[in-house]
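The structure appears right after this line, and notes come after that.
We did not get these values from a lab; they are worked out from the coordinates using the rules stated. In this text, all values refer to a predicted model and were calculated from it rather than measured experimentally. Note that each Cβ is placed from the backbone with ideal geometry, even for glycine, and that neighbours are counted across all protein chains shown.
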Amino acid sequence: MSNRHWRKSQSEDFFIKDSKKKGYRSRSVYKLSEIDQKFNIFKNVKTVIDIGSSPGGWSEYAVKKIRSGKLLAIDITEMEPINGVSFIQGSIEDKILQEKLFEEIDNKKFDLIISDMSPNKTGNKVSDQYKFYNIADSILEFSQNGLMSKGMMVMKVFIGHGFEEFKSDLRENFETVSYFKPKSSRKESRETYVIAKNIGYN
Ligand SMILES: C[S@@+](CC[C@H](N)C(=O)[O-])C[C@H]1O[C@@H](n2cnc3c(N)ncnc32)[C@H](O)[C@@H]1O
């Protein structure tokens, strides 16, 4: 084995290894945990929706944090059941499904929306970004209707085409918008996380 290759395998993703060891469903859970440590996102939270939840790392983390609250999870991909999590399969862009989500919480609003949503990559950067921000727009629209005014939205976004426009939409809708790149997010990835508070205050 060449030195270079050896070094590479030595520094192989700690988070992948650690998540396997601890039995987590995904390495994404470290990102949510870092966001939570910094922004305390589950404080006084009773109702949460996890958008793009499969395979379920974030949902597993969130359900422990909210204890007696209600956690809904939605993804176009099937998710293995988690105790205390109501999973609905479908796209967040689907208006009928959005209505179902509201029915699940008796047509009230969510305290917290978390989204680690990302569509499958096609290899074409521009159309991937375009597709992502179309769905991201649906999530923002969903927040306008379904987030408590003092609620919080935590969402993965990708820097690149469409990012600046989405940033200004967020500024128009939320009183406070912060961006945070967790250490567990790969440096070469263009992802970062939005933490937005107080919708409809502007
Ligand atoms: C990075 S994974 C999420 C990992 C998850 N947070 C975890 O900890 O296990 C992104 C997910 O977004 C989902 N997704 C993509 N487009 C979606 C859409 N329109 N509606 C809902 N989920 C979507 C994908 O199916 C995928 O499961």
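Loop only by DSSP, 12 or fewer other Cβ within 10 Å of the Cβ. Give me the trypsin sites (Lys or Arg not before Pro) in segment 144-202 that pass, ordered by residue number.
Here the trypsin sites (Lys or Arg not before Pro) that fit, given the DSSP loop and packing criteria, are K183, R186, K187.
Using only alpha carbon pairs under 8 Å that are at least six residues apart, calculate the relative contact order of segment 14-199 and give it in whole percent.
It comes to 19 percent, rounded to a whole number.
Helix 95-104: angle to the longest alpha-carbon principal axis of the chain, degrees 0 to 90, nearest 10?
Helix 95-104 sits at roughly 80 degrees to that axis.
What ³J(HN,Hα) values, in whole Hz, does the Karplus curve 6.51 cos²θ - 1.76 cosθ + 1.60 give for segment 115-125 when θ = phi - 60°, with x put for Gly and Pro?
Each residue of segment 115-125 in turn: 9, 10, 4, 8, x, 4, 6, 9, x, 8, 4 Hz.
Name the long-range amide H neighbours of T47: under 5 Å, sequence gap of 5 or more, or other chain; modelled H, no Pro or chain starts.
Under 5 Å from the amide H of T47: K70, D111, L112.
How many angstrom lie between the Cα centre of segment 127-202 and the Cα centre of segment 38-86?
18 Å
Restricting to DSSP loop positions (anything but H, G, I, E, B) with no more than 14 other Cβ atoms inside 10 Å of their own Cβ, which GluC sites (Glu not before Pro) remain in segment 44-93?
Answer in residue order: E78.
Using alpha carbons only, how many degrees (0 to 90, rounded to 10) separate the axis of helix 57-66 from the longest principal axis of the chain?
50 degrees
Using Cα-Cα distances under 8 Å and only pairs 6 or more residues apart, what relative contact order does segment 70-172 have, in percent? Mind showing how you got there, number by number?
On the way: 103 pairs, mean separation 26.6, N = 103.
Dividing the mean separation by the residue count of segment 70-172 yields 26 percent.
Given the DSSP H assignment, sum -39500 (n - 2.57) over each helix run of at least 4 residues in the chain and divide by its residue total; what's the result at 222 nm in deg cm²/dmol, nearest 500? Spell out each step's value before the answer.
Details: 7 runs with 82 residues, N = 202.
Dividing the helical sum by the residues of the chain leaves -12500 deg cm²/dmol.
Can you work out the Karplus-derived ³J(HN,Hα) for every residue in segment 69-86? Use 6.51 cos²θ - 1.76 cosθ + 1.60 with θ = phi - 60°, whole Hz, and x for glycine or proline.
Rounded to whole hertz, the list is x, 10, 10, 9, 10, 9, 7, 6, 9, 4, 10, 4, x, 10, 4, x, 10, 9.
Compute the helix-to-body angle for 28-39: its Cα long axis versus the longest principal axis of the chain, expressed 0 to 90° and rounded to tens.
60 degrees
Dipole magnitude of segment 14-199 about its Cα centre, charges +1 at Lys/Arg Cβ and -1 at Asp/Glu Cβ only, in debye to the nearest 20?
Numbers: 31 positive and 26 negative charges, 220 e Å.
Result for segment 14-199 is approximately 1060 debye, rounded to the nearest 20.
Compute the projected area of the convex hull of the Cα atoms of segment 14-199, averaged over all viewing directions, and report it in nm² to one decimal place.
Details: hull surface 40.3 nm².
Spelled out: convex hull of the Cα atoms, projected over all directions, averaged, 10.1 nm².
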